[in-house]
Structure formats: C-alpha cells, structure tokens
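Q: Following this message is one structure expressed as structure tokens.
Just so it is clear, none of the values below were taken in a lab; they were calculated from the coordinates. Every value quoted in this text rests on a predicted model; they were computed, and no experiment measured them. Note: ideal-geometry Cβ built from the backbone for every residue, glycine included; neighbour counts use all protein chains shown.
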Amino acid sequence: MSGCCSKNREKLIEFIQNELINTAEVMQILNCSQQNISDLIKRGDLVPVKEMPKDRLFFKTDVLERNPFYIELRNMLDEIISVSDIPNVKL
C-alpha cells in the first residue's frame, strides 16, 4: 500500500474509533435500555449510521447531543466563550 493510502486508512480508522459508537455504548451514554433506543429510532430522534443484524452504529455527537449532562456542559462552554469575546474581560 502506498504512503498516501496508508495515511488515509489510518485517518479513517481513527475517525471510526473516535466518532462511531454501537448500541451498547449508546445505552451507557444515555443511561437507557435497548428498548428506549429502539423507540428513539422509530420516532426519528436518533438515526443509526449503519444497521446490522444484531447491532447498530451511531455518530457519537448525535448521541451526546441527547445527553442532558452534555447539553448543560455545552451551554456552559458557550457562555464562557461568549463572555470571553467581550473586549476588556479577562478570564
């Protein structure tokens, strides 16, 4: 394999490892059952990237955006960033 293809492959592997999660990981992040996840999917609130016979893959960011802790943390960070954008304000 050439150097270019090898680097692209490594980047793809890194992306998959860091950005895609399976159903068990979704259950852990959202602290919910597999039935709840199925309901979210049926309602269109959570969309799997890939469906397999016994599992599904999801974008991690899609799942984190449904986690109340993550939402609160993101709101706090947005507030900090907006305050830091004001001139003459030091954090």
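Q: Based on Cβ point charges of +1 for Lys and Arg and -1 for Asp and Glu, what charge dipole magnitude is obtained for the chain about its Cα centre, in debye rounded to the nearest 20?
A: Details: 12 positive and 14 negative charges, 67 e Å.
Using only the charged Cβ atoms, the result is roughly 320 debye.
Q: Name the most mobile residue of K42, K54, K11, meaning the one with the largest mean-square fluctuation, in a Gaussian network model of the chain with Cα contacts below 10 Å.
A: K54
Q: Hey, what D do you get for the chain in µm²/s if you plug the Kirkwood alpha-carbon radius into Stokes-Einstein at 4 °C and 1.567 mPa s?
A: Numbers: Rh = 15.8 Å.
Taking Rh from Cα pairs, D becomes 82 µm²/s.
Q: Of I71, N8, V49, which is farthest on the positive side of the dipole of the chain, counting Cα position, with +1 on Lys and Arg Cβ, -1 on Asp and Glu Cβ, and the Cα centre as origin?
A: Result: N8, furthest along the dipole toward the positive end.
Q: How many lysine pairs in the chain, separated by 8 or more positions in sequence or lying on different chains, have Cα atoms less than 17 Å apart? Write down the numbers at each step before the final one.
A: Numbers: K11/K60; K42/K50; K42/K54; K50/K60.
Going through the chain pair by pair, I get 4.
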